[in-house]
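Beneath this line is the structure, given in structure tokens, with notes to follow.
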Amino acid sequence: MPRLDVSPAVSPFGDVVVWESCEAGFVHCGIQQSVRSGDTWGAAQLLSGTGSGERNPDTDGLIVTYDSNRLGTLGGGDIFHQPLSGGTETQLEIDGIQRNPSITGGIIAFESKPLGAVAWDLFVYELSTNRLFQVTATPFTNEILSDVTTLDNGDVRVVWAADDDFFSGEHNIYARTFALPATAYAFVGFFQPVDALPTLNIATAGSAIPVKFSLGGDQGLAIFAAGFPASSPIPCDADEPGVSIEETVTAGGSGLRYDATTDEYSYIWKTDKGWKGSCRMLVVQLNDGSMHYAKFRFR
């Protein structure tokens with residue numbers, strides 16, 4: 001049966017496109033993606049298709065987010081997200097109805113209407129720390145169709161439309177810029193030989209790479225969230241320039257140490273020889289919920 005492809009969104013670097021793919025009448029919609037490698041776009045891949053209404057996708061190049069009215073959502077609609085490289089889909093289980101998400105750098109902005117309310121307000125959700133923040137609180141004005149970006153200093157900027165000009169029937173455009181409360185650790189990094197996202201690190205598959213960073217002092221060695229650091233495969237662009245990693249260490253057990261002289265943590269990441277010719281995203285998640293990324297291509 002022919003499908004209707006609508007509502008595309010593109011990642012900040014232009015190498016991933018996500019969209020809705022629906023049956024006639026815009027029912028049974030799912031979310032699909034295509035990834036560019038060099039000058040060629042890959043075939044469409046289904047990311048989510050439950051037979052319900054997955055709609056309004058957006059991506060920051062690492063995560064895809066969308067809303068869905070599938071059975072079991074609280075009040076009729078919730079926000080979902082999942083890694084583009086594959087992984088577990090996560091539902092933001094918030095009372096009421098949520099819709100129209102947008103994402104940048106792990107920050108999702110969306111509309112939310114509590115059960116019994118008459119108007120939509122805006123919220124932002126920080127994936128790395130599992131924290132939710134309310135941006136607007138106007139019980140008789142609808143804030144809708146928001147977009148979100150993160151600034152160079154780390155602040156979050158949200159823009160939206162509002163139907164607050166009741167007598168003229170017109171909408172107005174608003175923006176708000178704010179800083180999210182700090183997390184527990186003062187993370188700085190990564191230090192050489194690894195560069196943080198968006199730089200591409202080029203390494204030899206099978207090598208042991210020291211991943212260095214600072215937390216603003218000795219925080220002990222129990223700093224990682226369970227299951228981290230971890231890595232997952234991501235799309236490769238053979239033409240993307242990168243920085244070669246030449247500093248490696250003798251392969252042994254992966255481990256973490258702290259050097260009080262330099263105030264640096266060093267985690268020895270053992271890579272796999274089978275990763276040759278592929279790309280991966282290294283995720284260092286700390287036990288304060290913060291997540292830090294480094295991208296690799298293996299030769």
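The values are calculated or read from the model by the stated rules, or taken from the named source; none is laboratory data. A quick note: this is a predicted structure, and the numbers were derived from the prediction, not measured. In this analysis, Cβ positions are derived from the backbone assuming ideal geometry, glycine residues included, and neighbour counts consider all displayed protein chains. SASA here: full protein model, heavy atoms, side chains in, ligands and nucleic acids out. Shrake-Rupley method; radii C 1.70, N 1.55, O 1.52, S 1.80 Å.
Structural remarks
- Test result for Ala186, of a type in the set (Gly, Ala, Ser), assigned to a strand (DSSP E or B) and touching a Leu at 6+ places or on another chain (Cβ under 7 Å): no
- If you check Phe110, Phe133, Phe140 for being among the hydrophobic types (A, V, I, L, M, F, W, C), open to solvent by 30 Å² or more (accessible area, probe 1.4 Å) and part of a strand (DSSP E or B), only one passes: Phe133.
- Tally, over region 92-123, of residues that are acidic (Asp, Glu) and in contact with a helix residue (DSSP H, G or I) (Cβ under 8 Å, 6 or more places away or on another chain): 2
- Extreme residue, nearest to Arg99 (Cα to Cα), among residues of region 22-43 that are of a type in the set (S, T, N, Q) and in contact (Cβ under 8 Å) with a residue 24 or more places away in the chain: Gln32
- Only a single item in (1) open to solvent by 40 Å² or more (accessible area, probe 1.4 Å); (2) polar (S, T, N, Q); (3) closer than 28 Å to Gly14 by Cβ; (4) touching a residue at least 60 places away in the same chain (Cβ under 8 Å) is not met by Thr150, and it is number (4).
- Selection from region 276-288 of residues that are open to solvent by less than 50 Å² (accessible area, probe 1.4 Å) and either part of a strand (DSSP E or B) or under 20 Å from Asp237 (Cα atoms) (or both): Ser278, Cys279, Arg280, Met281, Leu282, Val283, Val284, Gln285, Leu286
- Matching entry among Ser52, Ser34, Ser21 (being modelled with pLDDT under 85 and either among the hydroxyl-bearing types (Ser, Thr, Tyr) or part of a strand (DSSP E or B) (or both)): Ser52
- Within region 198-218, the set of residues being under 24 Å from the mean Cα position of the chain (by Cα), in a loop (DSSP other than H, G, I, E, B) and crowded, with 17+ Cβ neighbours inside 10 Å comprises Leu215 only.
- Considering Leu122, Leu84, Leu145, the condition of being out of contact with any Ser or Thr (no Cβ under 6 Å at 6 or more places or on another chain), surrounded by 21 or more Cβ atoms within 10 Å (Cβ to Cβ) and at pLDDT 85 or above is satisfied by Leu84 alone.
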